[in-house]
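Undergrad: Mind looking over this structure? Questions follow.
The values are calculated or read from the model by the stated rules, or taken from the named source; none is laboratory data. Since this is a predicted model, take the numbers as computed values, not measurements. For neighbour counting, all protein chains shown are included, and Cβ atoms are generated from backbone atoms with ideal geometry for every residue, glycine included. These accessible areas exclude ligands, DNA and RNA; they are computed on the full protein's heavy atoms, side chains included. Shrake-Rupley method; radii C 1.70, N 1.55, O 1.52, S 1.80 Å.
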Amino acid sequence: RESDILIIKFSPYRVIEKDENNIILGFLEKTSQYFYKQNGPITTVSKLCAEYLNELLLKLNISKNVSEVLSGSLQFLVLHDKDVYFTQCGNASSFVISKIRSMQFDEKLSGSQGLGITKVLKFKIYHAELSTGDRIVISNKTPSDWSIETLTEDPRVSISHLRKTLLQRTNQDFDAIILQVRTGTGNIHELKLENQRIISTTGTDYVDNP
């Protein structure tokens, strides 16, 4: 597990307060720690982690710490060597933009119930092989005009250009995470509009541009 890179995106279905956001961040940290302590196939462990996070939310929702049910979609990504595994629950979409084979993983058809409502989860698990230069886009509020065709019109564009393309493609509100794969020594380079910081980890380099 120590060589796996984990990305968890939990997207609440309602506006949350600052203290609720801190609670969620704590839950995500616990889920991350839970992941790295588990043995077994990635798909099995990913399912266990989704159920673990869901249980934390369920306990929160029956407590007196929230005035309104807190639920949301989950996108749980595990980057293992040249492979990426997606575990999705709720209204979420992911795109793998590749020169070899681009793919779209969409959960709109499986319902938008998400985590925090019931112990019985509806989620899907997907797998893709990655190559240098491939990009991953994950979003919970995916605009209707985003498709594998519109996002792969020019696979040679930079990650910054892809970000501009996503912004120009819709007038809807959305949030997304963009990652780009490259051969490296195991660092994650987080790109920001004004500065950049490097987080040391293991595996392959990934560029993240929110």
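Undergrad: How big is the gap, in Å, between the Cα center of the stretch 78-150 and the Cα center of the stretch 1-60?
TA: 17 Å
Undergrad: How far is it, in nm, from the label point at residue 177 to the one at residue 164 when both lie 7 Å from their Cα along the line to the Cβ?
TA: With each label point 7 Å from Cα toward Cβ, the separation is 2.6 nm.
Undergrad: Tell me the trypsin sites (Lys or Arg not before Pro) within the stretch 53-116 that lie in a loop according to DSSP and have at most 12 other beta-carbon atoms within 10 Å.
TA: Sparse-neighbourhood loop trypsin sites (Lys or Arg not before Pro): 64, 99, 101.
Undergrad: How many nm is it between the label spots at residue 101 and residue 131, if each spot is 7 Å from the Cα in line with the beta carbon?
TA: Result for the modelled spin labels: 1.2 nm.
Undergrad: Another question, if that's okay. Can you compute the charge dipole magnitude of the stretch 30-184 about its Cα centre, using +1 on each Lys and Arg Cβ and -1 on each Asp and Glu Cβ, nothing else charged? Give it in debye, rounded to the nearest 20.
TA: It works out to roughly 300 debye.
Undergrad: Right, another one. Check residue 72: other-chain or 5+ apart residues with amide H under 5 Å from its amide H, H built from backbone geometry?
TA: Amide H neighbours of residue 72, under 5 Å, 5+ apart: 13, 115.
Undergrad: Same structure again: Round to the nearest 10 and report in Å² the accessible area of residue 183, as given by a 1.4 Å probe over the protein chains' heavy atoms.
TA: Taking all protein chains as shown, residue 183 has close to 110 Å².
Undergrad: Tally up the carbon and sulfur contribution to the accessible surface of the stretch 1-143 as a whole percent, 1.4 Å probe, everything protein left in place.
TA: Percent of accessible area from carbon and sulfur atoms in the stretch 1-143: 50.
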